[in-house]
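Below you'll find the structure, written out as structure tokens, and then a few comments.
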Amino acid sequence: MNRIDKKFEELKRKKEPAFIPFITAGDPDIETTEDLILAFEKKGADIIELGVPFSDPIADGPVIQASYHRALGKGVKVAQIFDMISRLRSKTQIPVVGMISYSIVYKFGSKAFVEMALKAGFDGLTIPDLPIEENEEIFEISSKNDLKIVCFVAPTTTNQRMNLITQRTQGFLYYISVVGITGARDMLPDDIVQNINKLKQLTSIPIVVGFGVSTAKQASMVGKIAEGVIVGSAIVREIEKYEHELHEKRIENVGNFVEELVIGTKNLPKTPLVSIG
Ligand SMILES: O=P(O)(O)OC[C@@H](O)[C@@H](O)c1c[nH]c2ccccc12
């Protein structure tokens, strides 16, 4: 069974929403990404969304764009990202979803790319610039191979497209909470609840919300209405903030930030309850 499905089944049983941190692979280097993924898992993250840096990003705000540049500046290659995930698979079974531009997938060919991603140990892919109407091929290939292609719905998506997307998405559905680009925001829009309820009538697949969530309080609000919360820019900003710290310290600090978001998302008590006896 695919690790994403397994994770959502487990969370459903526990009645907990998923917390999904997004980071860029290779920001600032592959070793840091590897250690951050392990640290996030220890702090209670459920799934990792891993961005493959791309020179011409889609919908990415300045924070994510800068992280892509840092990674590309170090010359990170797709093959190195695959190698890192393979290495991680001897240490962790946390589900990993790659976020990648279709231009990269296209260069390898959809079939070859899906096979490589699976072999490395990815569980899913999100491809923000893949027009859902135009590429049935990749969904067929991924279904046969049990790699999930996660699709997006935005507040501006028409009802007709919503129908198609909810049918086609695999693993979960990514609801983009705000129109625009990625990045932390103070306020989340009022229409989230309404739109998620609309989506819930169309599909029973888990709905995960991303874009603009940056604090434990916001994560807690979103965690009450959706099956999962994604935070990207706010975490990437932390990685940047501890640039001058030693490696271990930086991993610890960013890990602690993720822990706060996990606590918020799942509405856990601030200090773990100690059971007696
Ligand atoms: O950064 P935010 O606002 O927390 O949003 C998550 C987002 O970064 C991540 O899912 C993402 C990064 N790049 C993207 C491109 C398109 C859609 C989504 C993304």
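The values are calculated or read from the model by the stated rules, or taken from the named source; none is laboratory data. For clarity, every value in this text was computed on a predicted model and none was experimentally measured. Neighbour counts run over all protein chains shown; Cβ positions are idealised from the backbone, glycine included.
Brief remarks follow.
- Residue check for T203: within 14 Å of the ligand (Cβ to nearest atom) and hydroxyl-bearing (S, T, Y): no
- Checked against the criterion of being surrounded by 14 or more Cβ atoms within 10 Å (Cβ to Cβ), of a type outside the set (D, E) and either at pLDDT 95 or above or more than 20 Å from H247 (Cα to Cα) (or both), the candidates A112, A66 yield just one match: A66.
- Residues (touching a Phe, Trp or Tyr at 6+ places or on another chain (Cβ under 6 Å) and free of Cβ contacts under 8 Å to residues at least 60 places away in the same chain) located in the range 20-53: P53
- Count of the range 206-240 residues which are more than 9 Å from the ligand (Cβ to nearest atom), more than 17 Å from K12 (Cα to Cα) and of a type in the set (A, V, I, L, M, F, W, C): 4
- Of all residues making up the range 6-15, the number that are on the phi < 0 side of the Ramachandran plot and surrounded by fewer than 19 Cβ atoms within 10 Å (Cβ to Cβ): 6
- Residue list for the range 50-76, filter: assigned to a helix (DSSP H, G or I) and within 16 Å of the ligand (Cβ to nearest atom): P62, V63, I64, Q65, A66, S67, Y68, H69, R70, A71, L72
- All positions within the range 115-144 that are in contact with a Lys or Arg (Cβ under 9 Å, 6 or more places away or on another chain), away from the ligand (no atom under 16 Å from the Cβ) and not charged (D, E, K, R): A120, G121, I138, F139, I141, S142
- Residue list for the range 1-49, restricted to those being closer than 17 Å to K74 by Cα and in a strand (DSSP E or B): I23, T24
- Among the residues making up the range 145-160, those that are surrounded by fewer than 21 Cβ atoms within 10 Å (Cβ to Cβ) and either without any contact (Cβ under 8 Å) to a residue 24 or more places away in the chain or within 16 Å of the ligand (Cβ to nearest atom) (or both) are F152, A154, P155, T156, T157, T158, N159, Q160.
- Contact map, the range 244-260: residues that are within 18 Å of K217 (Cα to Cα) paired with residues that are exposed (fewer than 14 other Cβ atoms within 10 Å of the Cβ) and of a type outside the set (G, A, S), Cβ distance under 9 Å, separation 6+ or inter-chain. Pairs shown: V254/K241; G255/K42; E259/K42.
- Considering R89, R70, the condition of being of a type in the set (D, E, K, R), under 25 Å from T169 (Cβ atoms) and touching a residue at least 12 places away in the same chain (Cβ under 8 Å) is satisfied by R89 alone.
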